[in-house]
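The values are calculated or read from the model by the stated rules, or taken from the named source; none is laboratory data. Note that this is a predicted model, so its numbers are computed, not measured. When we count neighbours, we look across all protein chains shown, and the Cβ atoms used for this are built from the backbone with ideal geometry, even at glycine.
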């Protein structure tokens with residue numbers, strides 16, 4: 001039988017984690033959490049638990065370069081955009097970051113060039129369409145998404161027309177080849193047309 005008073009004392013007063021409480025009294029972490037909830041004891045959230053563990057010196061929750069999952073502060077998301085973690089000296093661009101301290105690299109490059117944070121409605125466009133090519137000469141600041149969408153629509157229409165022209169060029173080459181082939185046949189007297197003329 002689980003001793004609820006002991007569990008609550010270890011969790012609330014001794015500030016142990018549910019896992020540590022479970023090990024201490026010989027039961028599972030799940031049983032500890034269920035007991036705490038049954039007795040209306042609020043469960044610490046992850047950030048509160050981490051802060052408490054650091055304060056008590058139990059664990060060293062490393063962040064940034066010291067974290068075991070650190071990959072250089074840079075990653076590419078599903079849409080192909082590069083995200084970078086802001087360095088300490090980039091505090092002036094903090095409003096542009098997400099909750100984890102990351103910002104899209106192309107927006108950061110443009111903001112540094114302009115010397116100010118970008119507004120949320122401003123759009124940084126990749127001129128060549130390659131989302132991870134974040135050189136300044138490849139970036140263009142547009143006043144709103146409306147301009148960006150019209151540019152994308154125009155580029156997609158141009159691509160569509162270019163592919164149509166390419167298909168028609170292939171058809172033209174095929175027709176020219178067929179015409180040349182027919183001319184050779186007529187000159188050699190092997191064509192069906194010349195055979196039909198002779199029989200009539």
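Quick notes on this structure:
- Scanning segment 181-200 for residues that are surrounded by 10 or more Cβ atoms within 10 Å (Cβ to Cβ) and either modelled with pLDDT of 80 or more or in contact with a strand residue (DSSP E or B) (Cβ under 9 Å, 6 or more places away or on another chain) (or both) yields a total of 7.
Results for (1) surrounded by 10 or more Cβ atoms within 10 Å (Cβ to Cβ); (2) in contact with a strand residue (DSSP E or B) (Cβ under 8 Å, 6 or more places away or on another chain); (3) at pLDDT 90 or above; (4) in a strand (DSSP E or B), shown as yes or no for each residue.
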{"site": "132", "(1), (2), (3), (4)": "yes, yes, yes, no"}
{"site": "137", "(1), (2), (3), (4)": "no, no, yes, no"}
{"site": "147", "(1), (2), (3), (4)": "yes, yes, no, no"}
{"site": "153", "(1), (2), (3), (4)": "yes, no, no, no"}
{"site": "159", "(1), (2), (3), (4)": "yes, no, no, no"}
{"site": "164", "(1), (2), (3), (4)": "yes, no, yes, no"}
{"site": "173", "(1), (2), (3), (4)": "yes, no, yes, no"}
{"site": "176", "(1), (2), (3), (4)": "yes, no, yes, no"}
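- Applying the condition of being outside any loop (DSSP other than H, G, I, E, B) and surrounded by 14 or more Cβ atoms within 10 Å (Cβ to Cβ) to segment 66-97 and asking which residue is modelled with the lowest pLDDT yields 90.
- Looking across segment 49-65, just one residue is in a helix (DSSP H, G or I), loosely packed, with under 12 Cβ neighbours inside 10 Å and modelled with pLDDT of 70 or more, and that is 55.
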